[in-house]
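No value in this document is a laboratory result; all are computed from the given coordinates. Just so it is clear, the model here is predicted, and its values are computed rather than measured.
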Amino acid sequence: MRDECSAWNPGLEPDIPPAYRKLETIYRPENVTTRQEDVDEISKQTGLSPQELVVFKPERLVLHELIVRVTTDILVPEGDDEIELGRSFRRIARQKGHAAVAQLLLAGRLRRVIGWRSPAFF
């Protein structure tokens, strides 16, 4: 079945040379618990895409949630150049991130949802 194209699925596929695939977020060891070799092998055997097979680390999922919240819920002042936009984004992300993580911890949701604790993170 062919997926219909839309704003959320524009029908574009990245054509990343194999030598650079290890740099993709879904293969970086700091982001996922799965190895690229394992994902590629299982993908070939099952026909599932690598994006469906990787297992993201909880820290990466929290970071993604923070990025989504900042970009959708808050107007980030642009300033006169991109450098100022980056500074504003990081400042807001720090403030929002601390509040969001504290909120999750108080509710106990982070431990329940992903069953994970890390002294370095909390």
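Using amide H atoms built in the peptide plane, which far-off residues or other-chain residues are under 5 Å from residue 34 H to H?
Under 5 Å from the amide H of residue 34 lie the amide H atoms of 55, each far enough along the sequence or on another chain.
Could you give each residue of the stretch 49-59 its phi-based ³J(HN,Hα) in whole Hz, using Karplus coefficients 6.51, -1.76, 1.60 with θ = phi - 60°, and x for Gly or Pro?
Rounded to whole hertz, the list is 6, x, 4, 7, 9, 6, 10, 6, 6, x, 4.
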